[in-house]
Amino acid sequence: MALLKHSMRMCPAVYVLLSVVLLAASLPQIDAVRGTTHADRKQAEEVWIKAASTVPTTSYGRPEIQLLTKTMSVDHFGSVQYSRNDTFEMQFALVWPADAPTADSPIFLFCGQETPITEVSVGSGVYSDYANSHGALQIWPEHRYYAQSSPYTPVDNLAHFTIEQALVDHVELVLYIQNTLNMTRNPVIALGSSYSAQLASYLRMRYPDVIAGAVSSSPTSFGCPGLGLDPSYDPFGFAKVATRTASSEAGSAAACPANVQKFFQTLFQLAPNRAGRVQINQDMNLCSDSFVTSVHQMNQTLAQFVQGQWVSASQYNAPLADFGATGIPANRVQVACDLFNDSSMQASDLLSAMTTAMGIFTANASLANGCLDITGATAEPEPEPYGPAEAPATGVVNLAPEPEPELSDSSDSVFVLSAGDKFAYQMCNQVQTPTSFNGVTDMFFDLPFNLDANDDMCFQRFGIHMQYNWAAYNFGLSAVRQSSNIYFTNGVYDPFIACGPTVDISETITAQVYEGCHAYDFGPAYPEDPPSVGAARTQGATLIGQWVDAYNKAKTTVPLSNAADLFDLSFSLGGYTQVVNDTLSGSQSFTSQLALEPYSTLSNQPSAV
């Protein structure tokens with residue numbers, strides 16, 4: 001079995017605020033991806049190395065892990081689905097449990113993330129451990145357009161890079177595996193963290209005939225207007241939470257928020273004149289390529305870099321050291337706030353302390369050259385020459401968008417974007433979480449969300465306009481209330497808690513808040529975990545057990561028509577929205593495509609409870 005070359009997944013918010021600077025001036029976008037620890041990455045690396053070499057088997061003869069592909073339609077909703085250019089190979093992993101699954105065992109669908117599957121800690125985390133101990137087969141799909149699971153032809157470009165298409169990818173894959181392995185009556189539980197948490201809840205809402213329940217850790221599902229919330233979504237909530245994490249309420253030094261706020265005020269007071277900028281450059285020990293040269297440039301670079309590091313540190317404020325990168329301390333926000341514990345700090349002290357704080361947040365990567373580098377430059381600090389003072393800049397101006405790669409008309413052309421570019425496209429298209437800062441109710445500076453500027457940037461960058469009301473139209477609160485069996489969790493340190501459900505919506509759609517950071521409850525258990533994290537995980541396991549029991553009980557008394565039963569045929573492309581077509585050139589048979597033999601020890605017949 002061929003595997004992609006493995007590369008360890010690093011925490012995306014360690015050094016640079018963004019993987020791609022898309023909406024730099026009007027909205028500092030924060031990459032909402034779960035940070036991973038060294039233990040996570042080590043386990044992932046060991047899993048892939050083991051799978052690529054010896055391929056160990058379970059006691060019942062199945063490989064412990066398989067990396068496989070399924071032919072998938074690029075467009076599940078269009079009328080033309082059978083051209084070879086309209087398909088792609090969707091990559092996914094199967095993780096088999098220690099004990100053989102039974103006819104009542106659940107199937108765990110860990111929804112696709114915005115990263116290649118070989119950089120995901122497949123088979124790690126408390127819910128993966130739960131699956132392994134409860135005889136649950138695990139499915140780990142790779143999200144379309146990331147890594148190998150990408151329709152690369154210029155014919156479609158990014159037109160089919162939508163959540164709707166991705167949801168059907170997941171459904172088709174589940175039905176395919178259920179049918180092939182003779183597990184059509186086994187309940188399926190969708191799970192995810194951050195963006196994949198949204199997919200998990202959306203799958204339960206839109207395809208309840210396939211998904212029996214969903215666990216959604218740190219989703220940003222409610223981080224947009226028009227959802228029917230009461231009170232409505234607060235775009236300033238994100239910054240308020242980051243400020244709270246730096247306050248005494250969260251265990252940080254009491255003077256920290258006021259001093260951080262004073263730091264930003266100092267920047268904007270000093271930047272309008274040349275002498276002030278020299279003081280900033282010297283007191284912060286900025287590298288020459290990071291020098292402040294104007295108010296506008298300072299706003300676009302230094303101010304937003306510092307602000308971004310604080311909110312990212314809040315997002316990943318874990319009780320573990322080395323969470324995301326070697327050298328980052330446990331409870332990083334509290335450690336940095338110790339530098340700002342004196343309420344009498346003045347300008348030079350604030351500027352110098354902030355440079356030290358940036359080293360804490362970036363594991364000293366930003367100080368690798370002996371100076372604070374916010375651009376990746378390697379130049380040593382140089383004094384700025386004196387000259388006439390410049391007029392202060394007013395307003396906020398967007399950075400020019402990066403040029404897009406030109407596409408050839410050749411059908412063999414490959415349309416390649418980085419993972420950061422791809423998620424930026426998704427943010428422009430459907431995954432919006434508008435956040436605003438004001439420097440009054442938070443410790444930062446005035447940076448309100450600008451819808452028009454963001455829309456213009458998206459159009460310049462990708463040729464699309466923001467679907468600002470997409471979530472409201474498709475998954476508003478009324479749609480959520482009509483669903484069931486969804487469990488939401490959020491960490492109190494995570495600014496994205498302002499965008500996620502934090503209270504019970506109904507008896508079967510519940511939420512729990514814990515002392516932790518972004519999607520922390522979804523990762524492995526550690527001795528340092530606060531009790532509330534364990535409580536959130538225990539509740540998730542309890543609910544999964546209840547959903548599985550209810551599903552298995554119902555199938556003994558009610559003649560269920562599992563969607564997978566509809567496709568008990570031999571086909572290569574077929575799925576939830578397609579008809580059978582075995583004549584496609586280059587297609588393979590249903591079982592030979594993935595070398596998955598039916599799991600004959602299971603029975604599709606209802607089992608006794």
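Across the stretch 461-483, what is the number of residues that are polar (S, T, N, Q), more than 19 Å from His160 (Cα to Cα) and assigned to a helix (DSSP H, G or I)? Residues that pass the stated criteria total 1. Taking first residues from the stretch 310-324 that are farther than 18 Å from Phe496 by Cα and partners that are modelled with pLDDT under 95 and not in a loop (DSSP other than H, G, I, E, B), the Cβ contacts under 6 Å between residues at least 6 apart in sequence or on separate chains come to Asp322/His38. For residues that are modelled with pLDDT of 90 or more and hydrophobic (A, V, I, L, M, F, W, C), scanning just the stretch 428-450, find the one that is surrounded by the fewest Cβ atoms within 10 Å (Cβ to Cβ). Checked the stretch 428-450; the qualifying residue surrounded by the fewest Cβ atoms within 10 Å (Cβ to Cβ) is Val440.
Let's see how each residue does on (1) closer than 25 Å to Thr489 by Cβ; (2) surrounded by fewer than 24 Cβ atoms within 10 Å (Cβ to Cβ):
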{"residue": "Met90", "(1), (2)": "no, no"}
{"residue": "Leu94", "(1), (2)": "no, yes"}
{"residue": "Ala98", "(1), (2)": "no, yes"}
{"residue": "Ser105", "(1), (2)": "yes, yes"}
{"residue": "Leu109", "(1), (2)": "yes, no"}
{"residue": "Gln113", "(1), (2)": "yes, no"}
{"residue": "Glu119", "(1), (2)": "yes, yes"}
{"residue": "Gly125", "(1), (2)": "yes, no"}
{"residue": "Tyr130", "(1), (2)": "yes, yes"}
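Remark: pairs (first residue in the stretch 133-150, farther than 10 Å from Lys422 by Cβ and β-branched (Val, Ile, Thr); second residue buried (at least 18 other Cβ atoms within 10 Å of the Cβ) and modelled with pLDDT of 95 or more; Cβ separation under 6 Å; 6+ apart in sequence or on different chains) = Ile139/Leu109. Could you say whether any residue in the stretch 202-209 is touching a strand residue (DSSP E or B) at 6+ places or on another chain (Cβ under 8 Å), touching a residue at least 24 places away in the same chain (Cβ under 8 Å) and of a type in the set (A, V, I, L, M, F, W, C)? Yes; the residues of the stretch 202-209 include at least one that is touching a strand residue (DSSP E or B) at 6+ places or on another chain (Cβ under 8 Å), touching a residue at least 24 places away in the same chain (Cβ under 8 Å) and of a type in the set (A, V, I, L, M, F, W, C).
Only residues that are surrounded by 16 or more Cβ atoms within 10 Å (Cβ to Cβ) and either modelled with pLDDT under 95 or not aromatic (Phe, Trp, Tyr) (or both) were counted in the stretch 260-273, giving 9. Of the numbered criteria (1) free of Cβ contacts under 8 Å to residues at least 40 places away in the same chain; (2) surrounded by 20 or more Cβ atoms within 10 Å (Cβ to Cβ), the one Gln178 fails is (1).
The number of residues in the stretch 302-356 being hydrophobic (A, V, I, L, M, F, W, C), under 23 Å from Asp283 (Cβ atoms) and in a loop (DSSP other than H, G, I, E, B) comes to 1. Which ones in the stretch 202-237 are closer than 14 Å to Thr502 by Cβ and within 16 Å of the chain's Cα centre (by Cα)? Residues satisfying the conditions are Ser216, Ser217, Ser218, Pro219, Thr220, Ser221, Phe222, Gly223. Is it the case that some residue within the stretch 514-521 is free of Cβ contacts under 8 Å to residues at least 60 places away in the same chain and closer than 20 Å to Ser196 by Cβ? Checked against the condition, which is being free of Cβ contacts under 8 Å to residues at least 60 places away in the same chain and closer than 20 Å to Ser196 by Cβ, the stretch 514-521 yields at least one hit.
Suppose we filter the stretch 150-170 for residues that are in contact with a Pro (Cβ under 8 Å, 6 or more places away or on another chain) and either surrounded by fewer than 23 Cβ atoms within 10 Å (Cβ to Cβ) or polar (S, T, N, Q) (or both); how many remain? I'd like the intermediate steps shown before the answer.
At the first step, the residues of the stretch 150-170 found to be in contact with a Pro (Cβ under 8 Å, 6 or more places away or on another chain) are 160, 169-170.
From what is left, the residues that are either surrounded by fewer than 23 Cβ atoms within 10 Å (Cβ to Cβ) or polar (S, T, N, Q) (or both) are 160.
Final tally of qualifying residues: 1.
You will find that of Gly359, Gly376, Gly370, the residue that is part of a helix (DSSP H, G or I), among the small types (Gly, Ala, Ser) and either modelled with pLDDT of 50 or more or touching a His at 6+ places or on another chain (Cβ under 9 Å) (or both) is Gly359 and no other. Within the stretch 467-486, being of a type in the set (A, V, I, L, M), at pLDDT below 90 and touching a helix residue (DSSP H, G or I) at 6+ places or on another chain (Cβ under 8 Å) holds for Ala479, Val480.
The values are calculated or read from the model by the stated rules, or taken from the named source; none is laboratory data. As the structure is a computational prediction, the values presented were derived from the model and not from experiment. Note that we place each Cβ from the backbone using ideal geometry, even for glycine, and neighbour counts take in every protein chain shown.
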